[in-house]
Amino acid sequence: MEFLHHLQIQASQSGNATGSNWVHSSGEKIESFSPVNGQLIGAVAEADEESYEKIIQQAQEAFLIWRNWPAPRRGEIVRQVGEALRKEKDALGRLVSYEMGKSLQEGWGEVQEMIDICDFAVGLSRQLYGLTMQSERPAHRMYEQWHPLGIVGIISAFNFPVAVWAWNSALAWICGNVTVWKPSEKTPLCSVAVQQIIARVFEQNQVPEGVNCLVQGGRTVGEKISRDHRIPLVSATGSTRMGKALAATVAARLGKSILELGGNNAVIVSKDADLSMALIGCVFGAVGTAGQRCTSTRRLIIHQSVYERFQQQLIKAYQQLKIGNPLDASNHVGPLIDQAAVDQYLQAIERCKESGGKMLVEGGVLSGPGYESGCYVKPCVAAVHPNMEIVQQETFAPILYIMPYQELEEAISIQNAVPQGLSSSIITLNLREAETFLGVNGSDCGIANVNIGTSGAEIGGAFGGEKETGGGRESGSDSWKAYMRRQTNTINWGSQLPLAQGIQFTITD
Ligand code: UN1
């Protein structure tokens with residue numbers, strides 16, 4: 001495990017930091033066990049009251065300085081962060097794979113997303129455009145400009161332990177904000193490694209201490225962040241249950257939130273699909289990250305005419321999947337994150353069977369050499385009815401539900417008839433079908449793709465979804481606007497003071 005040494009992961013560390021400086025905390029110990037082999041990798045301490053206060057106060061102070069750095073200069077720092085991540089891609093990708101359990105390819109892919117968002121943010125740091133409006137009054141100029149918000153709280157999930165933080169922080173920083181990151185308590189060591197990489201870059205450039213803060217903890221620390229009026233924006237990724245509670249708390253103090261919550265993503269496989277393309281997209285979507293992406297494919301809605309054929313192809317493909325140590329690049333599927341996730345997987349399969357689902361590829365927990373952690377499960381496929389309760393829910397595991405359809409309108413309504421609205425796709429070579437799916441009567445999701453799967457979005461687009469997915473948008477396009485406050489400015493450079501809307505108001509002296 002040379003990468004642990006290289007990334008300076010120790011057996012025990014605070015894990016709470018104002019930037020380069022670690023902050024001592026007497027909070028409860030959070031141990032991180034690898035789902036790969038069940039080994040204890042290391043431990044951090046939950047942020048206690050004192051360390052939390054110290055960090056937030058340092059962040060507040062840093063903001064007063066950082067917001068005055070010109071945005072392109074902040075962009076230059078983010079450019080160097082991207083360079084540092086390029087150098088550490090191999091080691092950090094391995095740590096992601098080891099602590100979270102995703103395949104090494106996907107671990108590296110996650111670091112690549114961090115690098116990509118840095119590049120994107122560098123360009124953006126010379127943009128952050130506001131509009132100029134035409135004033136109705138003579139000799140008046142009206143325009144809008146964008147200012148930073150202050151502290152951005154980032155609550156990230158175990159399944160993307162580093163990339164989602166990077167989407168938020170790279171944008172937040174170039175916008176002039178400072179960040180306080182609470183990573184998942186299931187993957188704290190990835191955050192420690194990232195903190196150290198960033199701190200070196202920040203130190204070399206004399207970035208004020210407090211721009212890049214880290215706090216460890218579970219629900220209590222998350223709740224503290226959502227209640228904290230010193231944090232104007234909280235960007236949170238996780239379950240719908242968590243998001244609903246967080247949104248209510250942040251809204252009660254009229255703070256802003258960006259929510260990226262559950263998905264229940266479907267692929268429609270049309271009668272006019274290129275089935276071999278469909279197969280790769282659907283299988284990767286369903287089993288990639290062991291079904292633990294919020295964009296994972298959970299449902300296939302397959303046209304009646306190709307249902308039998310595609311089902312056979314799926315079964316054959318699933319038989320070829322190699323499940324095992326994700327650090328071994330020949331394996332397709334690694335473990336689930338922990339025992340609780342395995343239990344949820346088993347319960348979902350049970351409930352699926354009870355309500356009439358038919359297993360086409362059986363699930364189960366693997367045991368024996370290489371599977372000692374108890375977290376390796378078999379990706380499975382079940383034929384279901386779309387209205388079954390379990391099919392309406394997001395189970396963070398490699399369970400794929402398949403169902404037939406006859407008319408495209410029916411397929412679209414099945415696809416939309418779930419509470420979540422993150423990602424969706426159609427596989428078709430038929431232009432009319434594709435455009436119908438993307439049109440106003442089509443998919444109700446934040447992401448709608450044609451001839452690719454539901455997962456693996458690029459950073460350049462705005463990422464997020466509707467309904468119970470929470471409505472937030474992160475990453476590309478104009479998502480940066482959520483990290484800034486808009487100010488409308490009207491300047492009178494004339495010698496009269498005419499009122500808007502033609503109102504006459506005179507004072508005689
Ligand atoms: C997530 O699962 O929270 O589109 C993010 C994807 C990745 C990001 C997923 N780029 O699958």
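Taken together, the values in this text are just the output of simple stated rules run on the coordinates, not laboratory data. Owing to the predicted nature of the structure, the values given are computational and were not obtained by experimental measurement. So basically every Cβ, Gly included, is an ideal-geometry build from the backbone, and we count neighbours across all protein chains shown.
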Requested in this report: Step through the residues of the range 384-391 one at a time and calculate ³J(HN,Hα) from phi using the Karplus curve (6.51 cos²θ - 1.76 cosθ + 1.60, θ = phi - 60°), rounding each to whole Hz and writing x for Gly and Pro.
Outcome: 9, 9, x, 7, 4, 4, 5, 6
Requested in this report: Could you please state, rounded to a whole Å, how far the C-alpha centre of the range 380-399 is from the C-alpha centre of the range 322-370?
Outcome: 14 Å
Query - Centre separation in Å (Cα based) which lies between the range 177-255 and the range 104-138 - result: 20 Å
**Report entry** Residues with amide H under 5 Å from that of Asn325, placed H, sequence gap 5 or more
**Finding:** none
Query raised in the report: In the range 218-249, which trypsin sites (Lys or Arg not before Pro) are in a loop and have at most 15 other Cβ atoms within 10 Å, using DSSP for the loop call?
Result: Arg230
Requested in this report: Take the alpha-carbon positions of the range 77-168, form their convex hull, and give its projected area averaged over all directions (one quarter of the hull surface) in nm².
Outcome: 8.1 nm²
Query raised in the report: Tilt of helix 275-287 relative to the longest C-alpha principal axis of the chain, in degrees (0 to 90, nearest 10)?
Result: 70 degrees
Query raised in the report: Where a Cα-Cα gap under 28 Å defines reach, which lysines qualify for Lys378, not counting those fewer than 8 residues away within the same chain?
Result: Lys102, Lys186, Lys316, Lys322, Lys353, Lys358
Report summary line: Low-density loop GluC sites (Glu not before Pro), the range 401-485, at most 14 other Cβ within 10 Å, DSSP non-H/G/I/E/B, are Glu407, Glu458
Query raised in the report: Short version: what are the Cα gyration tensor semi-axes of the range 366-472, square root of 5 times each eigenvalue, largest first, in whole Å?
Result: 28, 18, 14
Query raised in the report: Excluding same-chain residues fewer than 8 positions from Lys29, which aspartates and glutamates have a Cα within less than 12 Å of its Cα?
Result: Glu46, Asp48, Glu185
Query raised in the report: Semi-axes of the equivalent ellipsoid of the chain: what are they in whole Å, largest first, if each equals the square root of 5 times a C-alpha gyration tensor eigenvalue?
Result: 41, 31, 19
Query - Restricting the range 268-324 to trypsin sites (Lys or Arg not before Pro) in coil, as DSSP defines it, with at most 15 other Cβ within 10 Å - result: Lys322
Query raised in the report: Mind checking the alpha-carbon convex hull of the range 110-149 and giving the volume per residue in Å³?
Result: 93 Å³
Report task. Quick one: what are the phi-derived ³J(HN,Hα) couplings along the range 404-414, Karplus 6.51/-1.76/1.60 with θ = phi - 60°, whole Hz, x for glycine and proline? Result -> x, 9, 10, 10, 4, 4, 5, 4, 5, 6, 5
Query raised in the report: With each run of n ≥ 4 DSSP H residues scored as -39500 (n - 2.57), what mean residue ellipticity at 222 nm is computed for the chain after dividing by its residue count and rounding to the nearest 500 deg cm²/dmol?
Result: -12000 deg cm²/dmol
**Report entry** ³J(HN,Hα), Karplus 6.51/-1.76/1.60, whole Hz, each residue of the range 316-330, x for Gly, Pro
**Finding:** 4, 5, 5, 5, 8, 5, 9, 10, x, 3, x, 6, 8, 5, 7
Query raised in the report: Where in the chain lies the longest segment free of chymotrypsin sites (Phe, Trp or Tyr not before Pro) that are both loop residues by DSSP (not H, G, I, E, B) and have at most 16 other Cβ atoms within 10 Å?
Result: 130-492
**Report entry** Ile258 long-range amide H proximity, modeled H, under 5 Å
**Finding:** Val234, Ser235, Ala236
Query raised in the report: Straight-line reach from Lys224: which lysines have a Cα under 17 Å away, not including same-chain ones fewer than 8 places off?
Result: Lys54, Lys182, Lys244, Lys256
Report summary line: The alpha-carbon pair-distance distribution computed for the range 265-459, with 5 angstrom bins and whole-percent values, is 1, 8, 18, 21, 21, 15, 9, 5, 2, 0, 0
Query raised in the report: How many angstrom lie between the C-alpha centres of the range 9-74 and the range 447-509?
Result: 32 Å
Query raised in the report: So in the chain, what percent of DSSP beta bridges are antiparallel if you round to the nearest 5?
Result: 40 percent
Report summary line: Long-range amide H partners of Asn212, meaning residues 5 or more apart or on another chain whose placed amide H is closer than 5 Å, are Thr179
